[in-house]
Amino acid sequence: PQPPAPYAEHRIPSKRFPPVFSPSAYRKGEPLALSQALEAETLPEYPRALGTLVHYALARNLHPGDEGAMRALLLQEVALPFSEEEQERLLAEVRLLLWNHRRMLGEVLPALENREEDHAELPLVLPLGGTVWYGVLDRLYRVGGRWYLEDYKTDQRMAPEHYRLQLALYREAVRRAWGVEAEGRLVYLRHERVHVFSPEELQEALLELENAPGILSQGLEPDLL
């Protein structure tokens, strides 16, 4: 018989996180592997469907008064599992949140026409903390030489502390890729409020990540990607 290969006894040590990780999966201290996080985001639950349709409409600057554009939202896969009555309720709430956003423009948010650059749904990949963070940034724009990074929330309750690391990762990805220091904001559409994180708060979140236990220490095995 042939002798075993020299690498046969080699063992790859476990790491704190899976090879690819989702910022939104980690935001509430419930780490999930990316495949699990993405699966959860496609469940036909009402809040998930609402968030998906609102984000889609905001990224394309759809007007809530455009009946054709609003009706077309219900053709998306995420809305199909619902009954006709549930779809009408869903669409009414989407319209409400979009109208709220329209009222915020020019007040607590810069008007669309005043933005020198405006980018919606930017994919990001950030190697950090022993893993690669993958996600989608809702909005990045520039006004008067200042950059703003926004994440839209349809939550019933405002709890910005749940999203501090998520915004910190987004901001760091933008800093590395574009070389700009953006102001990280949560836009609570239901409350018509904006929560601004200071650069120090976001930097602290990144430092805390280095000491985070990770998913392996919590008995959760990452899926193979």
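Scanning segment 155-182 for residues that are part of a helix (DSSP H, G or I) and over 24 Å from Asn100 (Cα atoms) gives Leu165, Ala168, Leu169, Tyr170, Arg171, Glu172, Ala173, Val174, Arg175, Arg176, Ala177, Trp178. Within segment 21-30, one or more residues are of a type in the set (Ser, Thr, Tyr), at pLDDT below 75 and buried (at least 16 other Cβ atoms within 10 Å of the Cβ). Inspect all residues belonging to segment 93-103 and state whether any of them is free of Cβ contacts under 8 Å to residues at least 24 places away in the same chain, more than 29 Å from Leu206 (Cα to Cα) and touching a helix residue (DSSP H, G or I) at 6+ places or on another chain (Cβ under 8 Å). No, every residue in segment 93-103 fails to be free of Cβ contacts under 8 Å to residues at least 24 places away in the same chain, more than 29 Å from Leu206 (Cα to Cα) and touching a helix residue (DSSP H, G or I) at 6+ places or on another chain (Cβ under 8 Å). The set of residues in segment 9-20 that are assigned to a loop (DSSP other than H, G, I, E, B) and modelled with pLDDT of 75 or more comprises Glu9, His10. In this structure, Leu122 qualifies as more than 20 Å from Gly106 (Cβ to Cβ) and either in the same structural domain as Arg60 (by TED's automatic domain parsing) or not in a loop (DSSP other than H, G, I, E, B) (or both).
Taking segment 85-119 as the range and being closer than 21 Å to Val136 by Cβ, assigned to a strand (DSSP E or B) and among the hydrophobic types (A, V, I, L, M, F, W, C) as the test, only Leu109 passes. In this structure, is Asp151 modelled with pLDDT of 95 or more, surrounded by 19 or more Cβ atoms within 10 Å (Cβ to Cβ) and among the acidic types (Asp, Glu)? Answer is yes for this residue.
Taking residues in segment 71-92 that are in contact (Cβ under 8 Å) with a residue 24 or more places away in the chain, and partners anywhere that are β-branched (Val, Ile, Thr) and assigned to a helix (DSSP H, G or I), the pairs with Cβ atoms closer than 8 Å and at least 6 places apart or on different chains are Gln76/Thr52; Val78/Thr52. Pairing each residue of segment 156-180 that is touching a residue at least 60 places away in the same chain (Cβ under 8 Å) and of a type outside the set (Val, Ile, Thr) with any residue that is assigned to a loop (DSSP other than H, G, I, E, B) and surrounded by fewer than 22 Cβ atoms within 10 Å (Cβ to Cβ), provided the two are 6+ apart or on different chains, yields C-beta distances under 6 Å for His162/Arg27; His162/Lys28; Tyr163/Arg27; Gln166/Arg27.
The values are calculated or read from the model by the stated rules, or taken from the named source; none is laboratory data. It should be emphasised that the depicted structure is a prediction, and the values quoted were computed from it without experimental measurement. Using ideal geometry, Cβ is built from the backbone for each residue, glycine included, and neighbour counts are taken over all protein chains shown.
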